[in-house]
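This report concerns only the one structure given below.
The values are calculated or read from the model by the stated rules, or taken from the named source; none is laboratory data. Since we're looking at a predicted model, the values are computed, not measured. Virtual Cβ from ideal backbone geometry, glycine too; neighbours counted across all protein chains shown. These accessible areas exclude ligands, DNA and RNA; they are computed on the full protein's heavy atoms, side chains included. Shrake-Rupley method; radii C 1.70, N 1.55, O 1.52, S 1.80 Å.
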Amino acid sequence: MSRLSHDELRELGLLYRQTAADLSAAREHRADARLARHLNHLLGRAHNLIYSGQPNRPRGIVSFYTRTFPQTFRATWQYSLAATVLFLIGAIVGSGVSLADPGFQRFMLGGPMMDTIERREMWTHGIVTIKPLASSAILTNNLSVAFAAFAMGVTAGLGTAWMMVLNGLLIGVVGTACFRAGLSLSLWSFVAPHGSLELPAIFIAGGAGLILGRGLLDPGMLPRREALAESGGLAIRLLLGVIPMLIIAGAIEGFISPVAVPPATKFVIGAAMLVLLVLYLTRAGRPSPSS
């Protein structure tokens with residue numbers, strides 16, 4: 001079983017169900033008793049293989065993150081791209097409305113945060129004194145956003161789309177507010193180290209939610225329940241795949257992003273993390289040229 005590919009495993013399940021249906025038909029006709037015994041024996045052997053519980057092994061986890069997750073991402077990248085586009089639309093709208101109406105910034109961000117920005121102070125400085133606690137809180141928040149983006153896919157993807165647009169809107173408003181206050185370099189040098197992992201992880205989780213919504217809206221030739229189960233399997237693999245990305249991003253945001261180092265250093269860290277992520281998502285899990 002471990003040597004079968006994902007497509008072969010799906011075919012095995014389909015053949016198992018078809019054989020079970022043939023066995024049911026054969027049992028209705030006494031002339032097919034020999035065939036019924038053969039099919040029953042065949043199904044018994046297959047059942048022990050398909051439904052035998054296998055203990056989780058560490059190498060299975062390694063295989064998931066080195067092969068399954070990047071392969072699943074490459075097969076479904078259009079949905080992550082759609083989530084990214086929704087985020088960018090929200091960011092453009094948020095920036096445009098903020099430029100046209102400065103009062104919108106205070107409405108979206110609240111008085112205390114806007115007062116801090118208008119004093120030309122970064123609200124992120126407080127993280128430095130409580131790094132471990134801040135990192136834990138940031139990780140929890142990021143995981144909550146990712147899980148929410150995925151779970152809202154059950155609203156036929158509308159909830160996921162709204163979350164992507166809303167998060168983009170907030171980024172656009174914050175970016176514009178900091179631009180007006182002359183804090184753009186401080187803001188983006190803070191975001192760069194962890195955002196290079198955090199934002200793609202949120203986009204992929206949003207793509208997972210959109211896949212879930214597709215299973216509800218467009219089941220294709222499958223019954224809606226089976227289509228939802230198939231889409232859910234893809235979506236969950238994507239969601240599980242971004243968890244290490246969010247863990248690393250949370251640690252960077254808590255321990256590196258708020259530290260007083262040259263902005264160029266932070267941008268280099270962010271660029272390096274992004275390059276490594278792109279290489280991982282595009283190259284990991286591909287067969288070697290020799291094979």
**Report entry** Boolean, residue 228 is out of contact with any Leu (no Cβ under 7 Å at 6 or more places or on another chain), in contact (Cβ under 8 Å) with a residue 12 or more places away in the chain and within 30 Å of residue 14 (Cα to Cα)
**Finding:** no
Requested in this report: Answer with yes or no whether residue 250 is open to solvent by less than 10 Å² (accessible area, probe 1.4 Å), more than 15 Å from the chain's Cα centre (by Cα) and closer than 30 Å to residue 183 by Cα.
Outcome: yes
Query raised in the report: On the given criteria, is residue 214 at pLDDT below 95, among the basic types (Lys, Arg) and under 17 Å from residue 83 (Cβ atoms)?
Result: yes
Requested in this report: Kindly indicate whether any position in region 27-40 is open to solvent by 100 Å² or more (accessible area, probe 1.4 Å), modelled with pLDDT of 80 or more and either closer than 21 Å to residue 9 by Cβ or not basic (Lys, Arg) (or both).
Outcome: yes
Requested in this report: Give the residues of region 79-94 that are open to solvent by 50 Å² or more (accessible area, probe 1.4 Å) and touching a residue at least 60 places away in the same chain (Cβ under 8 Å), sorted by residue number.
Outcome: 79, 81, 88, 89, 92, 93
Query raised in the report: Which residue pairs have Cβ atoms under 9 Å apart, sit 6 or more places apart or on different chains, and have a first residue in region 48-70 that is under 15 Å from residue 9 (Cα atoms) and surrounded by 10 or more Cβ atoms within 10 Å (Cβ to Cβ) and a second that is basic (Lys, Arg) and at pLDDT 85 or above?
Result: 68/237
Report task. Kindly indicate whether any position in region 194-206 is within 22 Å of residue 109 (Cβ to Cβ) and among the aromatic types (Phe, Trp, Tyr). Result -> no
Report task. State the number of residues belonging to region 1-20 that are open to solvent by less than 100 Å² (accessible area, probe 1.4 Å), closer than 17 Å to residue 63 by Cα and small (Gly, Ala, Ser). Result -> 1
Report task. Sort through 92, 61 and tell me the only one that's modelled with pLDDT of 90 or more and more than 16 Å from the chain's Cα centre (by Cα). Result -> 92
